Amino acid sequence: MADRDVFVWLDRGDEPSEQELYRAATIVADRLCGAVANPIIRNAQEKRQLTAIGNWLTTRGYEKQPADERTKYDKMRPGTYSYRLNVPVEQEGTARTVNIPVDTVVMPRGAKAGDLPLLIEAKSAGDFTNVNKRRKEEAAKMNQLRRTYGDNMRYIMFLCGYFDSSYLGYEAAESIDWVWEHRIDDFSEFGL
């Protein structure tokens, strides 16, 4: 499993030079550092994004559902929001139901009985590579939501960082909209 582009001496069958050994050690150290730091950074960014959404909603009169009130996503009162709720969806080709975790679920103030909430997924990216590897995840979630709840289910992303036109075009083709973090007031366009 050794990366032969990093450990170039393995294909030669001899010992590495001091420069090759230093280069390989630097690359491995960088990869290990990234593997440890990236989840920490992503979690901190998500926490910051969720706080921004909560602050925006609160200043507009929305109430956060208390954590001990494990209300279901479809039983929320109008004018409330909650973090990290599970939304059950039908698994394609089976009679089984699976839960999709959603970062923020908002029941608009003007919602009527039977209306579905707005589902918001917080997404941040430090580079273009990672988002293009993961762009199908949101599309798969949207397809499951649409199959289970119909076209009235609204699922949007709250974006921060590097999301290029290729990524955004892919999501738009799946009827997934977004709000940029630096334009947070665009949430009002979704009836909030």
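The values are calculated or read from the model by the stated rules, or taken from the named source; none is laboratory data. Model, not experiment: these values are computed from the prediction. Cβ coordinates were reconstructed from backbone atoms using ideal geometry, including for glycine residues, and neighbour counts include every protein chain displayed. Note: areas computed on protein heavy atoms with side chains; ligands, DNA, RNA excluded. Shrake-Rupley method; radii C 1.70, N 1.55, O 1.52, S 1.80 Å.
Helix 18-59: angle to the longest alpha-carbon principal axis of the chain, degrees 0 to 90, nearest 10?
10 degrees
List the longest stretch of the chain that has no exposed loop site; here a site is one of the GluC sites (Glu not before Pro) assigned by DSSP to anything other than H, G, I, E or B, with at most 12 other Cβ within 10 Å.
Longest gap between qualifying sites, sites excluded: 93-192.
Report the charge-dipole magnitude of the chain in Debye, nearest 20, computed about the Cα centre from +1 at each Lys and Arg Cβ and -1 at each Asp and Glu Cβ.
On the way: 27 positive and 30 negative charges, 197 e Å.
For this selection, approximately 940 debye.
Number of Lys-Lys pairs in the chain under 20 Å by Cα, sequence gap 8 or more or different chains?
12
Run the numbers for Asp3 and Lys72: contour at 0.36 nm per residue of separation, minus the present Cα-Cα distance, in nm.
That works out to 20.1 nm of additional length.
Using +1 on the beta carbon of Lys and Arg, -1 on that of Asp and Glu, and nothing else charged, what's the dipole of segment 21-99 about the Cα centre, debye to 20?
Using Cβ point charges on Lys, Arg, Asp and Glu, segment 21-99 gives about 180 debye.
Roughly speaking, to the nearest percent, how much of the chain's 1.4 Å accessible area is carbon and sulfur? Please report the intermediate quantities before stating the final value.
Working: 5890 of 11520 Å².
Carbon with sulfur: 51 percent of the solvent-accessible area.
Any chance you could give the angle, 0 to 90 degrees and rounded to 10, that helix 128-149 forms with the longest Cα principal axis of the chain?
Tilt relative to the chain: about 30 degrees.
Compute the length gained on full extension between Asn86 and Ala113: take 0.36 nm times their separation in residues and subtract their Cα-Cα distance, giving the result in nm to one decimal.
Taking Asn86 through Ala113 to full extension adds about 7.7 nm, to one decimal.
Find, to one decimal place in angstroms, the Kirkwood hydrodynamic radius of segment 103-192, where the mean of 1/r is taken over every pair of different Cα atoms and then inverted.
Value: 13.7 Å, from the Cα pair sum.
Using Cα-only point scatterers and the Debye equation, what is log10 of I(q)/I(0) for segment 1-85 at each q in 0.15 Å⁻¹, rounded to two decimals?
With one equal scatterer per Cα and no solvent, log10 I(q)/I(0) is -0.69.
Is the shape of the chain rounded, prolate or oblate, going by the alpha carbon gyration tensor and its root eigenvalues a ≥ b ≥ c, with a/c under 1.5 for rounded and a/b larger than b/c for prolate?
In terms of gyration-tensor shape, prolate.
Can you give the accessible area per residue of segment 1-129, in Å², using a 1.4 Å probe? Mind dumping the intermediate values first?
Details: 8280 Å² over 129 residues.
Value for segment 1-129: 64 Å² per residue.
Using a Förster distance of 41 angstrom, determine the FRET efficiency expected from the C-beta separation of Thr94 and Thr59, and round it to 0.05.
For R0 = 41 Å, the calculated efficiency reads 0.45.
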